[in-house]
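Data first, discussion second: the structure below is written as structure tokens.
The values are calculated or read from the model by the stated rules, or taken from the named source; none is laboratory data. Predicted model only: the values in this text are computed from it and were never measured. Every residue, glycine among them, receives a Cβ derived from its backbone with ideal geometry; neighbour counts consider all protein chains shown. Just the protein is used for accessible areas: all its heavy atoms, side chains included, with ligands, DNA and RNA removed. Shrake-Rupley method; radii C 1.70, N 1.55, O 1.52, S 1.80 Å.
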Amino acid sequence: MKKQYKYPSVVTIAGFDGSGGAGIQADMKTISALGCYATSVLTALPVQNTCGVKSIYPIPVEVVEEQLHTILEDIFPEAVKIGMVHTTELVAIIENIWSQYPKTPVIFDPVMVATSGHKLIEDNTIEAIIEKLFPLADIITPNLDEAAVLARMPIHNVEDMQIAGKKIMELGCQSVLLKGGHLQAAQLTSLYFTKDGTVHEYSFEKFDTNNTHGSGCTLSSAIASYVAQGKSLAEAVTLGQQYVHEAIWNGKDVAIGKGNGPLNHFFNPQKLIKNELVD
């Protein structure tokens, strides 16, 4: 009998970015570049470019729900990336669906503030996200602005990050990768907090570039892609950060747009991974 194969798939549940650097576009580029098969569910239609977000148009919640069911009944993913969830109705739908699949890894990037500084989420959604989505996620990946909102404290240095990360873990998270890209420092430091109380520190050289648009979307999608390949979450966190670091490096001197430009997602694209199907 002829062998059959399948690609490891990742579904991204996120918002749109017509400029191609963030959101679902960045997610699908990342997933594809790392050898996985990307499917997607659109949650919102921000009108934006590299200079910022001009407006956000919602996708009807019943359309989001139908998208999810349609993908899951046909191409069930090895991992899930969740990005922009900007209403309590969307939170409820995602919780209802993914609570039925507790073994499927969920990587949640709690998109609240864009790189440009624009707020992207409704205030009354934050508590719903904390209550319903944080417990479902295997890891959440806030940036410093988002972490400041969640921990209810300003974050100016690594010491503040240590305190904020522990506070966020107390909200019911399984693990937290607190990204330090916005720190005013020569090095980029991120902290990974796990359920057993361990804190892993990662440091990378910080490049002189404005081309970091979509770096958070890219990181969470990279982690999801490595998990879909069978890596442990700890391995995926390490590899995902390395991928983003190299994507920024390889795109740091390219002029795309007039604001915060995109990463080079395809600096070393991988062939689609083929896993043998076993009866």
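Amide H of I82 versus every other amide H placed in the peptide plane: which residues, excluding those fewer than 5 positions away on the same chain, fall under 5 Å?
I13, I107, F108, D109
Divide by every residue of the chain the summed helix terms, -39500 (n - 2.57) for each DSSP H run of at least 4, and state the resulting mean residue ellipticity at 222 nm, rounded to the nearest 500 deg cm²/dmol.
That calculation yields -10000 deg cm²/dmol at 222 nm.
For Rg/Rh (Cα atoms, Kirkwood Rh), several values are listed as (1) 0.94; (2) 0.98; (3) 1.03; flag the one computed from this structure.
After the calculation, the listed value that fits is (1).
Provide the convex hull volume over Cα atoms per residue for the range 226-271, in Å³.
Looking at the range 226-271, the number lands at 84 Å³ per residue.
Using a 1.4 Å probe, how large is the accessible area of W249, given in Å² and rounded to the nearest 10?
The accessible area comes out at roughly 130 Å².
Determine Rg/Rh for the range 22-80; Rg is computed over alpha-carbon atoms and Rh is the Kirkwood hydrodynamic estimate from the same atoms.
Rounded to two decimals, Rg over Rh is 1.02.
Below 8 Å, C-alpha to C-alpha, sequence gap of six or more: please give me the relative contact order for the chain in percent.
Contact order relative to length: 24 percent.
Of Q162, T189, C217, which is farthest towards the positive pole of the range 150-226's charge dipole, taken about the Cα centre with +1 and -1 on the beta-carbons of Lys, Arg and Asp, Glu respectively?
My answer, from the dipole projection, is C217.
How big is the shadow of the Cα convex hull of the range 61-193, averaged over all directions, in nm²?
In nm², the orientation-averaged hull projection of the range 61-193 is 8.3.
When the accessible area of the chain is computed with all protein chains present and a 1.4 Å probe, what percentage of it is carbon and sulfur?
Carbon and sulfur: 51 percent of the exposed surface of the chain.
Out of all DSSP beta bridges in the chain, what portion is antiparallel? Express it as a percent rounded to 5.
Restricted to the chain, the bridges split so that about 55 percent are antiparallel.
When only Cα pairs under 8 Å and 6 or more residues apart are kept, what is the percent relative contact order across the range 190-251?
About 28 percent, as a whole number.
In straight Cα distance, which lysines are under 23 Å from K252, not counting same-chain residues fewer than 8 positions off?
Output for K252: K29, K179, K206.
With a 1.4 Å probe and every protein chain left in place, tell me how much accessible area Y192 has, in Å² to the nearest 10.
Near enough 10 Å² of accessible area.
Rounded to the nearest whole Å³, what is the per residue volume of the convex hull around the Cα atoms of the range 1-105?
Taking the convex hull of the Cα positions in the range 1-105, it is 111 Å³ per residue.
Ordered by residue, what ³J(HN,Hα) values in Hz, to whole numbers, does the range 196-203 give under the Karplus form 6.51 cos²θ - 1.76 cosθ + 1.60, where θ = phi - 60° and Gly and Pro are x?
With the stated coefficients, the range 196-203 comes to 7, x, 6, 10, 9, 10, 10, 10 Hz.
Might you report the magnitude of the Cβ-based charge dipole of the chain about its Cα centre, with Lys and Arg at +1 and Asp and Glu at -1, to the nearest 20 debye?
Computed charge dipole of the chain: roughly 680 debye.
Report the rotationally averaged projected area of the range 193-279 based on its alpha-carbon convex hull, in square nanometres.
7.8 nm²
Would you mind getting the accessible area per residue of the chain, heavy atoms of the protein chains only, 1.4 Å probe, in Å²?
Result: 47 Å² of accessible area for each residue.
Calculate how large, on average over all directions, the projected area of the Cα convex hull of the range 121-279 is; give the answer in nm² to one decimal.
Mean orientational projected area (the range 121-279, Cα hull): 11.5 nm².
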